[in-house]
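Have a look at the structure below, then the notes.
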Amino acid sequence: MEKIEHTTVTTNGINMHVASIGSGPVILFLHGFPELWYTWRHQLLSLSSLGYRCVAPDLRGFGDTDAPSSAASYTVFHIVGDLVGLLEALGVDRVFLVGHDWGAMIAWSFCQFRPDRVKALVNLSVAFRPWNPKVKPVEGLRALFGDDYYICRFQEPGEIEDDFAQVDTKKLIKIFLTSRNPKPPRIPKERGYRGLPDPKPLPSWLSEEDVDYIASKFNQKGFTGGLNYYRAMNLNWELTAPWTRVEIKVPVKFIVGDLDVTYHIPGVKEYIHNGGFKKDVPFLQELVVMDGVAHFLNQEKPEEISMHIYDFIKKF
């Protein structure tokens, strides 16, 4: 880990912290919530040893990267703009893109907006979601799961931050990272995260040192930046209307765990397996469903995920 370089890049009006290691073709890794560049620590080390330059920023709002206060500053255009600016700062024309969770959603948008900058994409957990003209995303989720669904609970500025503030940050990180329940996460307001039981002992793939590092960054930065991604979901829906029916025209490999909450959202399995996904992502070349694996698969199964990435991108 001490071989990983840490730099700050100015891009799109913010200062972005970037972790990188290795030389060769560039792989750009995009993390999710509540994560950091650190979620990719295993992949940075293994893929750099196989001849790649591995680059993992803290995305806008996270870790040591700037966090504008307004949710309106967290649209997919801002985040993709940050990343294109990062490529410019690094002097890199095209990259292999790897995304997980929110990073996967950003990666899909990146490929819609700037496919010319992407050689191939490996996305984890979150399948592509075509633009739906009939319903805004948050309202759609509220209709499916109710007001207690976590994304609905995340919408009101300050409310969930107050809830989080009543829980030790390390406990919160453990709850998020170690959950293996594929049912939709519902957190009633009256109970809140403070009312959740202590998590079970850490699994073998997550150490106290890992939790300490992640928690320390959220203690410094707070959660608002990460939560603003959820708060910009309806705004994204409005702004991305011009990209209706724009397909993902880069080579794609998609990997999901069969215990992932995102895989169990009504309609998602059917979309992935019955032709809808392939229609919207016509260059989908590989689809992997990992048995007994939950949402944070790049940390839970690091060697397997690294090999899945390598086996795909080495073809290009």
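The values are calculated or read from the model by the stated rules, or taken from the named source; none is laboratory data. Keep in mind that what you see is a predicted model, and the values were worked out from it rather than measured. Quick reminder, even Gly has a Cβ in these numbers, built from the backbone with ideal geometry, and neighbours come from all protein chains shown. Quick note on the areas: whole protein, heavy atoms, side chains included, nothing else; ligands and nucleic acids left out. Shrake-Rupley method; radii C 1.70, N 1.55, O 1.52, S 1.80 Å.
Entry comment: accessible area of the chain is 41 Å² per residue, from protein heavy atoms only and a probe of 1.4 Å. Of the GluC sites (Glu not before Pro) found in the range 140-248, those in coil by DSSP whose Cβ has at most 10 other Cβ atoms within 10 Å are 190.
Of the trypsin sites (Lys or Arg not before Pro) in the range 126-202, the ones in a loop by DSSP (not H, G, I, E or B) with at most 13 other beta carbons within 10 Å are 134, 189, 191.
Give the carbon-plus-sulfur fraction of the accessible surface of the chain in %, rounded to a whole number; probe 1.4 Å, heavy atoms of protein chains only. Show your work: numbers first, answer last.
On the way: 6730 of 13000 Å².
Carbon with sulfur: 52 percent of the solvent-accessible area.
Only protein heavy atoms count here; under a 1.4 Å probe, residue 204 has an accessible surface of about 130 Å².
Scanning residues 5 or more positions from residue 95 or on other chains, those with amide H under 5 Å from its amide H are 118, 119, with H placed 1.01 Å from N in the peptide plane. Cross-link partners for residue 314 among the lysines, with Cα-Cα distance under 16 Å and sequence neighbours closer than 8 places in the same chain left out: 119, 253. Calculation over all alpha carbon pairs of the chain in 20 angstrom steps from 0 returns a P(r) of 34, 63, 4 percent. Here the label points at residue 238 and residue 147, each 7 Å from Cα along the C-beta direction, are separated by 2.3 nm in the simple model.
Would you mind estimating how fast the range 10-103 diffuses translationally, via Stokes-Einstein at 37 °C and 0.692 mPa s with the Kirkwood radius over Cα pairs, in µm²/s? Let's see the in-between values first.
Values: Rh = 13.3 Å.
It diffuses with D of about 247 µm²/s by this estimate.
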